[in-house]
Amino acid sequence: MNLISDIAEIYAIQGFETQILAASIRNGGHIVAAAKAGADVVTCPLSSFESLFKHPLTDIGLEKFLADHKKSLSVVS
């Protein structure tokens, strides 16, 4: 990630009009780190990309929301 950051900084200083590709990214954390470092595009397995949509707190919140929704349906009926 340091290399990506260095490349992004050099391109910005020099005013190069280009995009930075981070290749062979292996997990969701690396996707985020590459984006923060200045990468515009990544190549990665689909499972790495899909992992960006998963977070334990989101899963817990969704479970609670669906349970509350189910309760509200039984109150209306």
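The values are calculated or read from the model by the stated rules, or taken from the named source; none is laboratory data. Worth saying up front: this structure is predicted, and the values here are computed from it rather than measured. Cβ sites come from the backbone with ideal geometry, for glycine too, and all protein chains shown count toward neighbours.
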- Message: Among the residues of region 13-25, are any among the acidic types (D, E) and either surrounded by 10 or more Cβ atoms within 10 Å (Cβ to Cβ) or touching a residue at least 24 places away in the same chain (Cβ under 8 Å) (or both)?
- Response: no
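On the given criteria, is S72 of a type outside the set (A, V, I, L, M, F, W, C), surrounded by 15 or more Cβ atoms within 10 Å (Cβ to Cβ) and out of contact with any Ser or Thr (no Cβ under 8 Å at 6 or more places or on another chain)?
Taking the combined requirement at face value, the residue does not satisfy it.
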- Query: Hey, G38 hits all of (1) of a type outside the set (A, V, I, L, M); (2) closer than 19 Å to N2 by Cβ; (3) exposed (fewer than 10 other Cβ atoms within 10 Å of the Cβ) but one; which does it fall short on?
  - Reply: (3)
- Task: Would you confirm whether any residue within region 8-17 is in contact with a helix residue (DSSP H, G or I) (Cβ under 6 Å, 6 or more places away or on another chain) and at pLDDT 95 or above?
- Result: no
- Taking only region 1-55 into account, find how many residues are touching a strand residue (DSSP E or B) at 6+ places or on another chain (Cβ under 7 Å) and not in a loop (DSSP other than H, G, I, E, B). 7
